[in-house]
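Working notes for the structure below.
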Amino acid sequence: MSFTFSFGQLKGKIVDETNAPLEYATAAIFNQNTKELITGVITNIDGEFTFDNLKKGTYYIEASFIGYDVNTLKNITISNTKNTTNLGVIKLKLGNSLNEVVVQAERATVVNKIDRQVFDTEKFKNAQGGSGVDVIRNLPSVSIDGQGEINVRGSSGFVVLLNGKPTQGNASALMAQLPANAIERVEVITAPSAKYDPEGKAGLINIITKKGATNGAFGQVNIKGGLPSIETYNNDKAHQRYGIDGTYNMRNDKWNVSLGASYQRNDLGGRREGDVYTIINNTRTQFPSTGERSFDEENYSGRFTVDFTPDDNNTFSLGFFAGKRSKDRLADIVYFDNHAITPANGTNADRDYTFQYFNHNLRIRKSDFALGSFDYAHTFNNNSKLSTSFLYEYTLLGGPTVNQNLGHPDNSILYQDEYNTNDNPLNGVRAQIDYSFKPFSFGTLETGYQYRNLDHTGDFVYERRTDFNDDFVLVPEFSSEVNLKRSIHAAYAQLTGKKGKWNYSAGARVEVSDRTLDLKDKANTIDETYEYDFTKLYPSASIQYEINDKTNIKAAYSKRVERTTTFKMNPFPEREHSETLEQGDPNLKPEFIDLVELGITKKIKGGNSIFATGYFRNVKNLVNRVNTIYNDTILNRIYSNVGNAKAIGIEVGANLKPTKNWSNFIGANIYNYKIDGEFDSRDVNSEATMYSINLNSTYSFWENASLQFTFNYLSDRVTAQGEDSRYYSPNLTFQKAFLDNRLTATLQWQNIDMGLLDTNEQRITTFRPNEFFTTTNYIYEVDMVTLNLTYTFKNGKNKAKFIDSEFGKREF
């Protein structure tokens, strides 16, 4: 077959035998006369590729993908270099040459695209047996502090997509319930386009789960067991770490069925050391403390999805994902040498009293959720595409907090016993319709409409007693009903295209948002409704230029929003522990964010690559947790709009392979962060330069054994009223495969310390001069050793040993 074209740009699409697009397939173009390789490209999520600026001549193209036979198109003649055409669909058939391909090629840890960074989770051996949180902690833009808070480029405001679908529940809780072994890759989208929801001031994290891409059956079982704790911290109970998860997939020409289940027990030992003082009416009350702070955590989850492709033009998908999570935080704290001094600048001789007590504090948090989705997509004969999607989400959040102030050392004395609940179920609905077509030669137009509705109700009961023989009595001023309803109508238009060495995308999204917050207290003194409605335009644009086949530069802009959660708007105080109340602000405004970034990626010799992205983030209506004095021994934590914040920084990363057996991936983020505003009639002015480093170094001993060292470091960070100290964690992983690579053993040594380092510790400090000062050092478990065993089985038309990173596109 011969092809003769009067243009210098060639496009095409690579699909499998079921006409499903193959992402990351390779298209290579050769000079037909000399057999010289001209260039090669990787297909996008739709299986599409493009060759630009081809000189006059005759060429042939080789299309390939792991597990498939190579398809060669010959006699492609270029006689003119001005126009563009499409080679059409190139279909690949299953083959048996996989083992040769695996030996000759290695997928990069990160692939940089015009709008995102794509990370291959197979490279992060330290995450195996863990959860989605353990996967993303390796990414250069991500940092996780000692409290488990996840930040992207220094901001906790981000949205998690599961296979491209946004969820309305807690992002961190969702990732904690998704086993790491079920994740194929992670996409970090820092400046999303208009077709995505605008939530998240730091952008989006898209979790892509595994699913079959070849006909036949695939199964994998992973078992994890943890050795007994080396450091016990004199905690009340021995901590346990074990789990099991499994994935099974079966595919034929029309059906693709996947299911998975997971159970994980991940306890964490530790202790805390704190010191607090308040100054009221020239009296300083000081109450230092020390004691246990540990976590017992259990996660159950199950996943099911089925895709049906009756013909080349129609695809139906049905998916479910459900789980249960409980996380118990025990803080048994002794408040020792508690005293008041008048005057505030006095000495021990001026003490008014001295008092010690023991605080038993158990906070139980549960998160049960269920997601269900149905999708339908139709491709027309002119290659335009109509997609529809419906998703329902139910999440039950809540759990009680037990707070007892007892005598010390005689714990039989009861000073105060408090019990409060915060059950708050969430119901979310999202319906969406999208249409893409190509009305112009220079680009594809995507349009769509989306409706989202959130119904979040909360029942908060606060009870108290002062004698073990008494019944609990309701505290009506702290007990409440808090109901949030939010509906959003959105429409967008997005143009994407490629011309020569340029890739570009521009669009806008308009949203009409209605928010209603109903508040009632149990004393029947408060019955109020707060409404906040607004219409907002969210523009976005990105552009990428290919300097040569090794170097790309790109620029992007995105308008974002960070919507306030129900918890942060609940004004009724919750007793977090002995020294702290927490409450929100019903008048909280959402944060509005402008994101700008400029980046460069460059391939260097030996399969190495480097990238750097400079960024600027401007946040209006910044929400921060700030403190005020409730009484002499209790601080009140309040969520409030404190002003504006600006972050300017640079993110850098590199894939480096000095030798055949030694590969490294390192990423760093450094930024200057400034808060400028006001709270409680006081100026808020904080500024600092902060950074984080994530290092991943792997040495392969043989074809089936490797040793990997990872190091995560987070520098000191400023807040509206203080600072959080540095935090770091080194880890070591040894992995060995057996039984013809079907059985893999992974031995992990996490939070390496050996009594020599301050690993897994973080100090949090807040203060107001002449009013209060609080500092707490959280010390969490170190030198944790676990063993993971993974067994893989498969059968079907493809008898080759395909690697699990080649499975699938989406779970839902």
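Here Thr278, Thr790 are placed in order of increasing Cβ neighbour count within 10 Å, fewest first, which gives Thr790, Thr278.
Here region 310-381 was treated as a single set of alpha-carbon atoms; its pair distances binned every 5 Å from 0 give 3, 11, 10, 8, 8, 7, 7, 6, 6, 6, 5, 5, 4, 4, 4, 3, 3, 1 percent.
Listed from fewest to most Cβ neighbours within 10 Å, the set Thr309, Thr466, Thr290 follows the order Thr466, Thr290, Thr309. Given an 8 Å cut-off on Cα distances and at least 6 residues of separation, report the relative contact order of the chain as a percent. Over the chain, the number comes to 12 percent. The peptide list 575-588, 647-660, put in order of mean Cβ contacts within 10 Å with the highest first, becomes 575-588, 647-660. Label-to-label distance, Asn741 versus Lys485, with points set 7 angstrom from Cα along the beta-carbon direction: 5.7 nm. What would the Debye equation give as log₁₀ I(q)/I(0) for region 554-690 at q = 0.17, 0.18 Å⁻¹, counting only Cα atoms as equal point scatterers? The Cα Debye sum returns log10 ratios of -0.96, -1.02. Putting +1 on Lys and Arg Cβ atoms and -1 on Asp and Glu Cβ atoms, find which of Ser301, Ala377, Leu396 reaches farthest to the positive end of the dipole of the chain. About the Cα centre, the residue reaching furthest to the positive side is Ala377. Rounded to the nearest 0.05, what FRET efficiency do Ile547 and Lys438 give with R0 = 30 Å and r taken as the Cβ-Cβ distance? Could you check? According to the calculation, E is roughly 0.65. Computed from the C-beta positions of Ala238 and Leu37 and an R0 of 56 Å, the FRET efficiency is 0.40 to the nearest 0.05.
Peptides 24-36, 433-445 ranked from most to least packed, by the mean per-residue count of other Cβ atoms within 10 Å: 24-36, 433-445. Can you give the local net charge around Gly606? Use residues other than it whose beta-carbon is closer than 11 angstrom to its beta-carbon, Lys and Arg +1, Asp and Glu -1. Summing Lys/Arg as +1 and Asp/Glu as -1 gives +4. Full extension of the chain segment joining Asp594 with Val402 gains 64.9 nm, where the gain is 0.36 nm per residue of separation less the Cα-Cα distance.
In the chain, helices alone account for a calculated mean residue ellipticity at 222 nm of -500 deg cm²/dmol, with every DSSP H run of four or more residues adding -39,500 (n - 2.57).
Within 10 Å, Cβ to Cβ, of Arg509, how many net charges do the neighbouring residues add up to if Lys/Arg are +1 and Asp/Glu are -1? Present the calculation step by step, with values, prior to reporting the outcome.
Details: positive: Lys195, Lys536, Lys559; negative: Asp197, Glu511.
Charge balance near Arg509 sits at +1.
Using the Cβ atoms and a cut-off under 9 Å, what net charge is assigned to the surroundings of Phe592, where Lys and Arg are +1 and Asp and Glu are -1? That works out to +3.
Note on region 207-266: with charges restricted to the Cβ of Lys and Arg (+1) and Asp and Glu (-1), its dipole about the Cα centre is near 200 debye. Sorted ascending by nearby beta carbons within 10 Å, beginning with the fewest, Lys93, Lys13 become Lys93, Lys13.
From the coordinates of this entry, semi-axes √(5λ) of the Cα gyration tensor in Å is computed, and it appears in [x] 45, 32, 27; [y] 50, 29, 25; [z] 92, 32, 22 under the label [y]. Using C-alpha pairs under 8 Å with a sequence gap of at least 6, the mean separation divided by the residue count of region 350-416 gives a relative contact order of 41 percent.
Averaged over residues, the count of other Cβ atoms within 10 Å places the peptides 407-418, 594-605, 323-334 in the sequence 323-334, 594-605, 407-418, highest first. With R₀ set to 56 Å, the beta-carbon distance separating Asn770 from Phe468 gives a calculated FRET efficiency near 0.90.
Taken together, the values in this text are just the output of simple stated rules run on the coordinates, not laboratory data. Just so you know, these numbers come straight off a predicted model, no measurement behind them. Here Cβ is always computed from backbone atoms with ideal geometry, including for glycine, and neighbour counts include all displayed protein chains.
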